[in-house]
1. Being open to solvent by less than 60 Å² (accessible area, probe 1.4 Å) and of a type outside the set (Asp, Glu) is the filter here, so list the residues in segment 93-104 that pass it.
2. Only one of Phe182, Phe168 is surrounded by 18 or more Cβ atoms within 10 Å (Cβ to Cβ), of a type in the set (Phe, Trp, Tyr) and over 30 Å from Asn73 (Cα atoms); which?
3. Return only the number of the condition from (1) at pLDDT 95 or above; (2) in a helix (DSSP H, G or I) that Asn138 does not satisfy.
4. From the set of residues in segment 3-33 that are within 19 Å of Phe70 (Cα to Cα) and in a loop (DSSP other than H, G, I, E, B), which is modelled with the lowest pLDDT?
5. Name the residues in segment 37-60 that are surrounded by 14 or more Cβ atoms within 10 Å (Cβ to Cβ) and modelled with pLDDT under 80, would you?
6. Show the residue pairs that are 6+ apart or on different chains and have beta-carbon atoms under 7 Å apart, the first residue being within segment 102-118 and touching a residue at least 24 places away in the same chain (Cβ under 8 Å) and in a strand (DSSP E or B), the second being hydrophobic (A, V, I, L, M, F, W, C) and open to solvent by 40 Å² or more (accessible area, probe 1.4 Å).
7. Being assigned to a loop (DSSP other than H, G, I, E, B) and within 12 Å of Lys131 (Cβ to Cβ) is the filter; apply it to segment 145-186 and report the residue that is modelled with the lowest pLDDT.
8. When Asp130 is evaluated against the numbered criteria (1) open to solvent by 30 Å² or more (accessible area, probe 1.4 Å); (2) at pLDDT 95 or above; (3) under 17 Å from Thr181 (Cβ atoms), which criterion, by number, is the only one it fails?
Amino acid sequence: MINASKEFRQVIHERTDFKESARITFKDGRILDLQDNDFTVSGNTVSDSAGSSSFPLGVAVGRVIQLQIFNDNDRLSSYDFYGAVIDLRLSLELSNGPEILNFGTYTVIEPETYGETVTIQAMDNMYKADKDYSTSLNFPVSLKTAVLDSAQTCGVTLLTTTFKNDDFMIRQAPEGITHRTFLAMA
C-alpha cells in the first residue's frame, strides 16, 4: 500500500496531471535520473501479477512495470538496463506544493529493447521468490519461522513479521513448490 495524504486521495478522482520520475541505478554503479519529459505519453504501465495465469485465493502478488523512455540521439546506448534497479516516483501538485509518492523499487529482469525509445520491463522483489523452495530449518517449525526463513532465503522484505495464525506448526518441509507458492499458502 502506498501512503498518500487525504488531499492526494481526494484529487486523484478528478485529476490526471501526475508527474512521474525515476532513479535508475545500473549494475556498474552509474545512476540515471529521469523526469516526466523523459517518458513517452503511452506505453508506461504498472500492473499486479500473481505469477500464474489464474488468480487463486492466497497469492503472493508482485508488481510489474513497463517504461518507455525517449532515446533521441541514441543517448541511452551506453547503458545496460538488465539488472538495473529502478526507484519509481509519482508526484502531484497540491495546495501545499507537490506531494511525491514512492511507487516502488523494481529490478529489470528482461532485456530491454532499443530504438527511438527504450522499453524496459521490471518487477518488484517478489520475482526473487520464483525459485524452488529450500530451507535448512529443522521441522516442525511455526508458520512465522518458516515465512521469515523463506523471505530471508529469497531476499524479499516483508512489510510485517506477525500475522494471523503465525503460531501454526508445520510438521514437515514443503516439497515440489516454489518459495512464492509457499508464501502465498502461508
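The values are calculated or read from the model by the stated rules, or taken from the named source; none is laboratory data. All values reported here derive from a predicted model rather than from experimental measurement. Heads up, the Cβs are rebuilt from the backbone with ideal geometry, glycines too, and the neighbour counts pull from every protein chain shown. Each accessible area value is taken on the protein alone, full model and side chains, heavy atoms only, with ligands, DNA and RNA left out. Shrake-Rupley method; radii C 1.70, N 1.55, O 1.52, S 1.80 Å.
1. Answer for segment 93-104, where residues must be open to solvent by less than 60 Å² (accessible area, probe 1.4 Å) and of a type outside the set (Asp, Glu): Leu94, Gly97, Leu101, Phe103, Gly104.
2. Phe182
3. So the condition that Asn138 fails would be (2).
4. My answer is Phe18.
5. Listed by number, the residues that qualify are Val46, Ser49, Ala50, Gly51, Val59, Ala60.
6. Taking only residues 6 or more apart or on different chains, the pairs are Phe103/Ile2; Thr107/Val85; Thr117/Phe70.
7. Checked segment 145-186; the qualifying residue modelled with the lowest pLDDT is Val156.
8. All conditions are met except number (2).
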